[in-house]
There are 2 protein chains.
Amino acid sequence: MTRTTALLTDHYELTMLQAALAGGTAERRCVFELFSRSLPDGRRYGVVAGVGRALDALEAFRFDQESLDALDGVVDEPTLAWLSAYRFSGDVQGYGEGETYFPGSPLLVVEASFAEAVLLETVLLSIYNHDSAIAAAASRMTRAAGDRPCIEMGSRRTHEEAAVAAARAAYVAGFEATSNLAARHRWGVPSTGTSAHSFTLLHDTEADAFRVQVDSLGVGTTLLVDTYDVAEAVRLGVEVAGTGLGAVRLDSGDLGVLAHQVREQLDSLGAHDTRIVVTSDLDEYAIAGLGAAPVDGYGVGTQLVTGSGHPTCGMVYKLVAREDSRGEMEPVAKRSSKKASFGGRKWAHRHLGTDGYAEAEVVGTGPAPDPGPRSRDLLVPLVRAGEVVGREPLADARARHLASREELPLAAQSMSRGEPVLPTRRVDPTTGG
Amino acid sequence: MTRTTALLTDHYELTMLQAALAGGTAERRCVFELFSRSLPDGRRYGVVAGVGRALDALEAFRFDQESLDALDGVVDEPTLAWLSAYRFSGDVQGYGEGETYFPGSPLLVVEASFAEAVLLETVLLSIYNHDSAIAAAASRMTRAAGDRPCIEMGSRRTHEEAAVAAARAAYVAGFEATSNLAARHRWGVPSTGTSAHSFTLLHDTEADAFRVQVDSLGVGTTLLVDTYDVAEAVRLGVEVAGTGLGAVRLDSGDLGVLAHQVREQLDSLGAHDTRIVVTSDLDEYAIAGLGAAPVDGYGVGTQLVTGSGHPTCGMVYKLVAREDSRGEMEPVAKRSSKKASFGGRKWAHRHLGTDGYAEAEVVGTGPAPDPGPRSRDLLVPLVRAGEVVGREPLADARARHLASREELPLAAQSMSRGEPVLPTRRVDPTTGG
């Protein structure tokens, strides 16, 4: 049983609810949209992640007695009574998990009463902003790594629960495995790991440490070879494990130079199949920089879990249409200049060129046109009348990401800063724009 | 009942355990130290946060049947049997929560068998690295804000559970309140909040929205005045609520200019006590930049929960001493150049000058000398023989932070990039250094 997510919420969602209940406007039918006005500075594409977690959070969004007691002093009695029966009964459509996105892409379209929909704002944004930031960084890293596997090992550098979500998001964006055991347990992400410097230091000698490790974990294990002297450790490793040694790990120093030296040494010792894994402060640039070095895998920590410079996305959750006092649905939008939004319920298509590569993100209001043979409809049903219908295996999200990334123009492969690789075209039937 | 934290752990902690159990080295007495080799680039001081959460996590670190089942395929049967009885029985000392710290400060000193202590590495680092990063940013912000209150409202920009921890850490570092309801519930952090743009847009007119809000939440509420036209909204707000209107909130535009205009308008309407709260993409620099503007409070979101450019600390958990095969305790340290560490169990004093300001962080090995009248002992007992003894009210951590920050040299007040304001002096009895 998942714990309730109801308190993972901002205070003002509850006070707005109280006021709207008292004012008779809480039941107005509304459309909220979760989207991003821009990508993080310099990024070419975004990656939607957290969809599966958001659906779980929505389902677990119930006010049990403990939650209601916790709201004593926050809202009044009628509001508490209303909350005790809270259950989301609306509809949600959204981009599939792993899909790439662009400024203005309607990542979630939530239709329900104001009261039901406004309460979900904080937890939906928390999940989408965090998980998508990790996935965007992960996607750049797995692209830079090409065919070589990336392993997520950043748990210790981020909040202990964020770590689990980060491992999951990295897997969606192409990482092969994680060090995080909770991600293995909860989400089935493959986990991996062998030993740290403390294990070597625990033993009287490095040789003792290697023997103990190989005896217990087998010759296929990965030996950490940079506690004292790398060349001596590599020699010892092959002496202890034989030429069938699985891998050696380098966690410090000039990784490119070391990898060449270690590869040469391993080959000279006959350990041709022993892999070299590197793990020190890597990001997508360092991974790409090691492209010519004889490296067989990348372990990525800090830079992955902190989004490689962009630890959060700028996603927002905005009211874009609502029923007015006559019962008519009406598009609405804030009118301040900098944060202006685009009112009305959206549809979204990815338009493809004749070469099969994506050409534009087409986002419109009004009735969605048929996408036709050269466009994909980007919105999939996630919740219908309160029932979650969009759950899928994590492998599907992973496959969707790889396919969506492949479809992007070649500029998406560039790690350098630049504009989003697709323009977002807005289609508004009222202006013909 | 807290859920077990046992799986919030890296895979390799478990495989090291298996190997050490099989190799007969798992029960060697060890000292692990949690510390940071440096502060984030340019920062003048660090702030320890997460201590109370870490103690909870340590207490909840038990392998229940579900956890053991989840480790099928990770470790062997003897290891699972050992884990089923796991309970930390060692000792932990550490810096009190809220204390400032410097490179090399021994933030936690964990003494136990290798097996017991190594398993805690990941979850302790996750908590310390995250919470301390938030607290360090928060401390700069509350200092920049001076007597004006800072309110934490970044939940939507970070993982939903990281958000709760961030609200807690910000409170430790001087924030007055949070928007996060779970932080209120779990940690007693005061929560606050009123309304969003969606609330204004829900209503047919801004006047309707203000009336509904004031009727329900009282004239002391905060009205959001930048949905359409600020001056018109301020006029309306005072018309609806009267001159007793609690506050207005500005969430966009040039906040300094707007604050002056709004203050003038409020005063001209007789609403002299109506406060002005600003909330748009603030960080410590923006807060300081508004120092001369008539602003009464700062709501801080993204930059707080992402550590204002430094979303994690570089804290590590290293074996610094262990029993050897003869049963003698021996200092140990990795010998690679860049990541070299300083072996041996540490003590730490904050040395104060005659003016009462701190002069140095003194960290040594060997028997701790008496701190004397001009030094403070920085290590406090947190766990004794497996029992948590270091729990304290969050208010104590908050008070400790403010006192510790006050004691730092004036350069700590500088927001500009620079060296740590205190040097770390190492005292090693074996070298006399």
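Quick notes
- Residues of segment A:201-224 buried by at least 40 Å² on assembly (accessible area, 1.4 Å probe, chain alone as reference): A:L201, A:L202, A:D204, A:V212, A:S216, A:L217
- Summed over the residues of segment B:150-307 and divided among them, the accessible surface reaches 30 Å² per residue at a probe radius of 1.4 Å.
- Choice from A:S216, A:S280, A:S252 showing the highest fluctuation, given a GNM over chain A with Cα pairs closer than 10 Å: A:S216
- Shape summary of chain B, radius of gyration then Dmax from alpha carbon positions: 25.2, 83 Å.
- With only the Cα atoms considered, segment B:259-381 has a convex hull volume of 213 Å³ per residue.
- Inter-chain Cβ neighbour average for residues A:130-136, partner chain, 10 Å: 2
- Sites A:E66 and A:A292 - FRET efficiency at Förster radius 45 Å, r taken between beta-carbons, to 0.05: 0.20
- Taking every C-alpha pair closer than 8 Å and separated by at least 6 residues, the mean separation divided by the residue count of chain A gives a relative contact order of 23 percent.
- Mean-position separation - Cα centroids, segment A:240-257 and segment A:132-146, in angstrom: 25
- Per-bin percent of Cα-Cα distances, the protein assembly as shown [10 Å]: 2, 12, 22, 24, 20, 12, 6, 2, 0
- Counting Cβ atoms of other protein chains within 10 Å of each residue's Cβ and taking the mean over peptide B:15-27 gives 6.
- Database remark: amide H of A:E99 closer than 5 angstrom to the amide H of A:V48 (H placed geometrically; neighbours at sequence offset of 5 or more, or on other chains; Pro and chain starts carry no H).
- Under the Karplus curve 6.51 cos²θ - 1.76 cosθ + 1.60, θ = phi - 60°, whole-Hz ³J(HN,Hα) for segment A:347-356, x wherever Gly or Pro sits: 10, 8, 10, 9, 8, 10, x, 5, 7, x
- Mean Kyte hydropathy of 0.0 or more with a Cα span along the axis of at least 30 Å, helices from DSSP in chain B: B:121-145
- Solvent-free Debye scattering, log10 I(q)/I(0), computed from the Cα coordinates of segment B:150-307 at q = 0.10 Å⁻¹: -0.36
- Alpha-carbon radius of gyration plus Dmax, which is the widest Cα pair, for segment B:312-411 in Å: 16.9, 50
- Across A:T354, A:T279, A:T158, mean-square fluctuation computed from a Gaussian network of chain A (C-alpha pairs under 10 Å connected) peaks at A:T354.
- Cα-based radius of gyration of segment A:186-274 once divided by 2.2 N^0.38 Å, which approximates compact folds: 1.07
- The charge dipole of the protein assembly as shown, taken about its Cα centre with unit charges on the Cβ of Lys, Arg, Asp and Glu (plus for the first two, minus for the last two), comes to roughly 1180 debye.
- Summed over both chains, the contact between A and B buries some 8000 Å² of accessible surface at a probe radius of 1.4 Å.
- Distance from segment A:196-235 to segment B:33-52 (C-alpha centre basis), Å: 30
The values are calculated or read from the model by the stated rules, or taken from the named source; none is laboratory data. The structure presented is a predicted model; accordingly, all values stated were derived computationally and were not measured. Positions of Cβ are backbone-derived with ideal geometry, glycine not excepted, and every protein chain shown enters the neighbour counts. For the accessible areas, the whole protein counts, side chains as well, though only heavy atoms, and no ligand, DNA or RNA atoms are used. Shrake-Rupley method; radii C 1.70, N 1.55, O 1.52, S 1.80 Å.
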